[in-house]
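Following: one structure in structure tokens, then a few remarks.
The values are calculated or read from the model by the stated rules, or taken from the named source; none is laboratory data. Model, not experiment: these values are computed from the prediction. Cβ coordinates were reconstructed from backbone atoms using ideal geometry, including for glycine residues, and neighbour counts include every protein chain displayed.
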Amino acid sequence: MNATSERLLYQLKSRGAQSAATLAAACAITPMGAHKQLQGLLAQGLVEAEDEVKTGGTAGRPKRIWRLSAMGHGRFPDRHGELAVQLIRQTAELFGPAALEQLIAARERDMLASYQQRLQGARSLPARLRRLAEIRAEEGYLARVERDGSDWLLIEDHCPICAAASSCQGFCRSELALFRALLGAQVASVERCEHLLQAGARRCAYRIRAARPRAAVQETM
């Protein structure tokens, strides 16, 4: 597969369904070039196409929207998901659900210690979030941070442990608890606002609301 096709797949994975024109602009190629590459990916079963239904009686040709197929999603790393699912199932069967929860808790403690060490020196909330996104990206989560009004969004366009998380959602609860512990007093709340395991979702995203300065809180009292 050529580099352009790889970029198109990455763009669809990280940004979701798009038109050929939008993909062409993002990948710095011509719309005709994007269409040719997409047709090749379609033939390989890596992407799917759907004509967007226009509303309000708008005339003109419908816009074709491209998205990753299940096979396309499968090109991204999953940390040997089948093996993970087997180990989770066997742990629960042999030692009981409590043992599985203990394993998840131990993983969370190890990750917290590792992340805290790597976040040293990042004092402001924006700096800590950017560093956290870098760490998660290195681990295969395709993570990035965006500003949304007064809040921040930590967006993860891929889940390398999706198979394990689908088998045991304790991993999802643990990662949310991890982020809350890492950001601590600097935030008022950390909530998961998108969840890959929910029907129709394509990613996980976390809304981070910064804590109000103490002086501002006192003024409202």
**Prompt:** In this structure, is ALA17 more than 22 Å from ARG203 (Cβ to Cβ), surrounded by 15 or more Cβ atoms within 10 Å (Cβ to Cβ) and assigned by TED's automatic domain parsing to the domain that holds ARG64?
**Reply:** no
**Prompt:** Restricting the range 130-159 to residues that are more than 24 Å from ARG212 (Cα to Cα) and assigned to a loop (DSSP other than H, G, I, E, B), which is farthest from the chain's Cα centre (by Cα)?
**Reply:** GLU139
**Item:** SER114, sole failed condition from (1) buried (at least 18 other Cβ atoms within 10 Å of the Cβ); (2) without any contact (Cβ under 8 Å) to a residue 12 or more places away in the chain
**Value:** (1)
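Take ALA163 and tell me if it is in the same structural domain as LEU112 (by TED's automatic domain parsing) and in contact with a Gly (Cβ under 7 Å, 6 or more places away or on another chain). Working first, answer last.
Details: in the same structural domain as LEU112 (by TED's automatic domain parsing): yes; in contact with a Gly (Cβ under 7 Å, 6 or more places away or on another chain): yes.
Criteria met by ALA163.
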**Prompt:** Looking at (1) at pLDDT 95 or above; (2) not assigned by TED's automatic domain parsing to the domain that holds ARG144, can you tell me which one THR58 breaks?
**Reply:** (1)
**Message:** If the requirement is being under 30 Å from LEU9 (Cα atoms), over 19 Å from the mean Cα position of the chain (by Cα), surrounded by 12 or more Cβ atoms within 10 Å (Cβ to Cβ) and in the same structural domain as ARG109 (by TED's automatic domain parsing), which of these qualifies: ALA127, ALA211?
**Reply:** ALA127
**Request:** Among what's in the range 62-104 and is part of a helix (DSSP H, G or I) and among the β-branched types (Val, Ile, Thr), pick the residue that is surrounded by the most Cβ atoms within 10 Å (Cβ to Cβ).
**Result:** ILE88
**Request:** Sort out which residues of the range 166-203 are in contact with an Asp or Glu (Cβ under 6 Å, 6 or more places away or on another chain) and more than 27 Å from ALA98 (Cα to Cα), and write them in order of number.
**Result:** ALA201, ARG203
**Request:** Among the residues of the range 139-187, count how many are surrounded by fewer than 16 Cβ atoms within 10 Å (Cβ to Cβ), in contact with a helix residue (DSSP H, G or I) (Cβ under 9 Å, 6 or more places away or on another chain) and modelled with pLDDT of 95 or more.
**Result:** 4
**Of all residues in the range 105-129 being among the polar types (S, T, N, Q) and in a helix (DSSP H, G or I), the one that is farthest from LEU176 (Cα to Cα)** = GLN117
**Complete:** Of those in the range 1-23 that are more than 23 Å from the chain's Cα centre (by Cα) and among the aliphatic types (A, V, I, L, M), the residue farthest from GLY72 (Cα to Cα) is ALA21
